[in-house]
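Rule-based calculations on the coordinates, nothing more; no lab input. The structure presented is a predicted model; accordingly, all values stated were derived computationally and were not measured. All Cβ positions, glycine included, derive from the backbone under ideal geometry; neighbour counts span all protein chains shown.
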Amino acid sequence: MEDYLTRLGKLTIFLGASFGVGKTYTMLEAAYEQQSQGVDVCIGRLDYNRSEFDFFVKNIPGIDNTISTQVKDIENNIDAIIERKPHLVVIDNLASSNPKGQRHAARYRDVEEILQRGINVFTTLNIYQVESLKDIAEQITGLKVADTVPDRLLNIAEIKLIDISHEELLLRLKTGKVILPDNADQNPEKFFRLGNVSALRELALRYTAQRVDQQLNDYMKTHEIKGPWPAGERILACVGPSPFSAHVIRTSRRLADAFKAEWCAVYVETQQRSPGDEKGYYQLDSNLRLAESLGAEIITLTGENVANELLAIAERKNITQIVIGKPLHSKIIELWKGSVVDNVVKGSQGINVHIITGGPTSDTKSAHQKNQEHKIGLFPYLLTIVAVTLITLINMFIGFDLLNIGLLYLLPVLFSAAYWGRGPSILASVLGVLSFDVFFVPPVSSITVHDLKYLLSFAIFLLVAVMTGTMANRLRAQAETARRREARMAALYALSRKIVVETDIDGILSTVVNVIAETIDGEAAIMLPNQSGVLECKSFSTTIAKKENWVDEEIVCWVFEHGKIAGNGSETWGEKDCLYIPLKTEEKNIGVLTVKSNHHNHFLSTEQSQLLEAFANLTALSVISLQLSAEAQQARYFVKSEKLRTALFNSISHELRTPLASIMGAVTSLLDEGELYNKADRDALLLTVNEGTIRMNRLVGNLLDMARLESGMMQLKNEWCDIQEIIGVALQRSNPTLQDRKVSLSIEEDIALIRADFVLIEQVIINLLENANKYSPSDTEISIIATKVNNELHVRIINEGYPIPESDREKIFDKFYRSITSQHITGTGLGLSICKGIIEAHGGQIWVEKEEEKVVFCFSLPIILLPPEILCGKDGE
Amino acid sequence: MERMVSELPDIGARVLIIDDENQIRKMLKVALSAHSYEIEDAATGQEGLNKVALFHPDLIILDMGLPDLDGLTVLKKLREWTRIPIIVLSVREMENDKILALDLGADDYVTKPFSMGELLARMRVALRHATKTEEEPVLSYGGLTVDLAHRQVTVEGNEVKLTPTEYDILKNLVIHAGKVLTHRQLLKMIWGVDYQQEAHYLRVYIGQIRRKIEKDPARPQYIITESGVGYRFIIKD
């Protein structure tokens, strides 16, 4: 585990122009050499058995440590490799895809996982299988490349180029030394044309040269060697919802590589140019993801004008090169819509603009459109025909003039555009024009017209129809997308609202699984690690009947460990029924969400899985924030309670035992030898007992108050109180302590009744009076001043004495805190903290005021309400 | 010290102590016997109820925290058939129980820990109220005199003008002099059953009365506040 965290395995790619150049052989040779140097090497996967390899296969063990000549027996079992943990593993053909049933759909993902475990990997690759070179290679060879490897793997790999000449390759082909891949249904002769092979060779050579150059640069940079660095180029790729954008992205990546530049992919959404439908959004999403996987920074903007936004971001990011696709539509449409490319070129002062020509876009797009129009069905067309016929009949029976007749024909066009889209609206307009022409425009019953200006009318009529149709189409698509987005947002919002009210993790989880189960019409469960780190199901949706074996432990663990989605339709374990989504936050993965649709063999739609991912993220965030706050509270509590315990023992034991000692001393003297004492002595002893009990009673009272405050049991019994009355009672109860102490009162005349707990406020004043008494010379005066300040009642209790140091003014309200200046006077440090607790529970504040030679404690109580009027005065007062 | 002490016929009165704490019972027995009371004690609520019937006490001291029946239940059962004065022993933190006990018919309360003087004073007041049969027309305590027949109040010989409500409140407090009256009891006496929750009426009127009869309204000599419970007209020289 630690290894996996600290060290990534080293990847070595044996790169060739095509198959047949001897990559696998060279790789095995290198592996064997490593083995003979004492390195622990094993063969993870060889796709093809050839007599040439026999020697190595016999000498290098497979993952199960057996030496086998049957190369194909060595199955690619990733877990076995990880468990075996060799120093170096040989895995042929990095780009190939795994058979169904494997964990990952692509082999390079296996390799990535193995590398993460700190195991070195030797592998082979053909140049045309590099993601960023894919379309160039397709252009050169004219063949489709199915499996590719992302550039990020090549970036971390050491590349060894295996290069042989064209002649040599053909010779090898003739002598049967070339193994054709299983999927190579192409004619080898055609593939191995001189042009093809040379072009691929050049590609491979150039790619490797570039890498070497880069390494040299890196070396110079890391060793701070000054040299002619290329100016800091920054490249911007313009991305849209078209499949063609992928081409732009790959080109940008190659440019970025060549310039060693940073690059970003920008998508600008405007009202006119939104992806329109779900498919468009999906394409856009996959384009942006491609860009991200190729190392681009992704920027999405919204604005009025694409070109302006692009130029603005280019300026902000100091872009030096813009890559943009050339539009495929005709000049006329461009005139109508305005050309982004032209505007970008016009506005690009000092920025190079690369305009890329598209390839396969038109095909896909038209197919997509056809597909959509198919969906409309025949019924709307029929209705359109009926509508036009009806209008014609109406026009025939009611003799309108030509202008009105023409206008009436616009009705079916508008309606069919609004309800069924472009196709029916065009049909309506064509039919309308024809009927108008044939039945009403002279000469009637003939297509020909006398007056040529009707041709212009027809043209305008058609134009109106096409335009309304197109606009209505787009509007409908946008409305549909907006509706879906809104539904998603609403679902998320609903979930977050439900989660917010939950106060514990179990509550959140059960809410989430039930909401999800409802949303996808299926079942859901959430697994979180328990205290010993083993994943276990914490929450099931109520729909699950059989809870055992519901999830695949292996997949859950994998998802949890890697933080990647797996199962149902994803890249990993794609054929499973369940979809496994990690609950992850930025720092760590906290669990796994498993969902399963009720419909068998049903793959979740992109929209659904996106929604589920959003749900998972939201859940993860809520759970983690709850966990964090709980942990923080726990920690705070521990620190506090630890400190408290110490303080409690020190302070309480002293404070309780002192009066007890005096009581016990006095009482035992009286009991044992009472007759020894005269009356005055006995009285003195009894007074000691009395004082001791009073002091203990006070302490016990304070401790109880504190306990009630701490445990939250102190409930305010709010009633209408007269502050003068409270002060009066407090003074009366403080009498035993204050003795003959002079206390002056100043209570503002018209202070209204306040809403407070009489007994508690009384306690506050008693505590403050006691404090004042304790910390001032006994011949000085204590004063109590009550005033009304705005909407607050302020009560000040003032005694003469050393002012409390600035640094202590806050702290003296802490439990058990005693100011250094007061160490000589006994006390527990409880009284003031009780005051603070009580006053704050009333929504007020307590503080120490700064004054010369005096100690001023002040507390405030809010005066929010006025007492209700007294209705039943018998006196008419 | 207590002016009324010698005048009251409480010598030899029979007192039943119901408290589960042996120490308290023992202490009370010694102290009260010394003051010429005849004492009987019970350790549980049930025993207490039985002894009331057998012992025929003149006064009951009832602890609120008993192991079997709680004090309030014992009080309720007693009040079903007897008007013997009852003083409850309670702790400071339980204002609600005190109020409940008083509203259920307890005559007074003493908060633990208490001084013996305090308990004795309460007992005397309770016994006096129980034995008093007819209302005196003029009540006089310290410098304050209330002439019930003429609805006249004088302080140190000077007549004090009170409004009808103020007079009613003062009259009720003085009639029950020495005894605590809960907010609810007072409100009911003055304004009737519908006004038992309007404690702020009392705050306002008591404030007004104090300003008229007390030398220093903040340090009252006649009407004292029993915080959280009610008011008491204090009997003192």
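Quick notes
- What the pair-distance distribution of region B:112-219 shows, using all Cα-Cα distances binned every 10 Å from zero, is 12, 39, 38, 11, 0 percent.
- Helix A:361-376 axis versus longest C-alpha principal axis of chain A: approximately 80°, rounded to the nearest ten.
- Cα-based equivalent ellipsoid of region A:371-450: semi-axis lengths in Å, sorted from largest, via gyration tensor: 25, 12, 10
- Coordinate range of the alpha-carbon atoms in chain A per principal axis, descending: 135, 101, 66 Å.
- Note on region A:127-181: Rg/Rh from C-alpha atoms, Kirkwood Rh, equals 1.03.
- Ellipsoid fit via the Cα gyration tensor, region B:39-142: semi-axes of 23, 17, 13 Å, each the root of five times an eigenvalue, largest first.
- 10 Å Cβ neighbours from other chains, averaged over peptide A:723-731: 5
- P(r) weight above 22 Å for region A:478-594, C-alpha pairs, percent: 37
- The alpha carbon convex hull volume per residue for region B:50-104 rounds to 76 Å³.
- Relative contact order of region A:760-855, pairs being alpha-carbon contacts under 8 Å that are 6 or more residues apart, as %: 31
- Cα-based shape type of region A:796-860, given that a ≥ b ≥ c are square roots of the gyration tensor eigenvalues and the cut on a/c is 1.5: oblate
- Base-10 log of normalised Debye intensity for region A:379-522 (one unit scatterer per alpha-carbon) at q = 0.10 Å⁻¹: -0.51
- Between the helical axis of A:278-293 and the longest alpha-carbon principal axis of chain A there is an angle of about 80 degrees.
- Peptide B:20-29 has a mean of 0 when you count, residue by residue, the C-beta atoms of other protein chains within 10 Å of its C-beta.
- Its alpha carbons considered, chain B gives a radius of gyration followed by a Dmax of 18.3, 55 Å.
- Geometric descriptor of region B:14-71, per residue, is 61 Å³ (volume of the convex hull of the Cα atoms).
- Residues A:Lys100 and A:Lys174, FRET efficiency given R0 of 45 Å [Cβ-Cβ distance, rounded to 0.05]: 0.80
- Hydrodynamic radius (Kirkwood) for region A:643-751, which is based on Cα pairs only, to one decimal in Å: 17.6
- Highest average packing first - A:412-419, B:38-45, A:243-250, Cβ atoms within 10 Å: A:243-250, A:412-419, B:38-45
- For chain A: relative contact order, % (alpha-carbon pairs under 8 angstrom, 6 or more apart): 6
- If the chain linking A:Asp40 and A:Lys788 were pulled fully straight, counting 0.36 nm for each residue of separation and taking away their Cα-Cα distance, it would gain 260.6 nm.
- Over region A:667-730: Rg over Rh, Cα atoms, Kirkwood Rh: 1.26
- Added length on full extension, which subtracts the Cα-Cα distance from 0.36 nm per residue, A:Asn155 to A:Glu202: 15.0 nm
- Based on Cα contacts under 8 Å between residues 6+ apart, region B:155-236 shows a relative contact order of 36 percent.
- Computed [θ] at 222 nm, deg cm²/dmol, the protein assembly as shown (DSSP H ≥ 4; -39,500 (n - 2.57); rounded to nearest 500): -15500 deg cm²/dmol
- For peptides A:150-157, A:19-26, sequence by mean Cβ density within 10 Å, most packed first: A:19-26, A:150-157
- Viscosity 1.567 mPa s, 4 °C: Kirkwood-radius Stokes-Einstein D of region A:82-175 over Cα pairs, µm²/s: 86
- Mean partner shielding of peptide B:222-233, defined as the number of other chain Cβ atoms within 10 Å of each residue Cβ, is 3.
- Overall Cα dimensions of region A:705-747, principal axis frame, Å, largest first: 37, 25, 13
- Listed residue pairs exceeding 19 Å between alpha carbons, taken from B:Lys77/B:Lys171; A:Lys717/B:Lys188; A:Lys742/B:Lys215: B:Lys77/B:Lys171; A:Lys717/B:Lys188
- When A:Tyr775, A:Tyr493, A:Tyr580 are arranged by Cβ crowding within 10 Å, least crowded first, meaning fewest neighbours, the order is A:Tyr493, A:Tyr775, A:Tyr580.
- Beta bridges per DSSP with both ends in chain A, % antiparallel, nearest 5: 50
- Treating r as the C-beta distance of A:Trp550 and A:Glu642 and R0 as 35 Å, the FRET efficiency rounds to 0.20.
- Largest to smallest principal axis extent of the C-alpha atoms in region B:133-191, angstrom: 32, 28, 19
- Rg to Rh quotient for region A:728-839, alpha carbon positions, Kirkwood Rh: 0.95
- Cα-projected label distance for A:Arg733 with A:Ile447, points at 7 Å along beta-carbon direction, nm: 10.9
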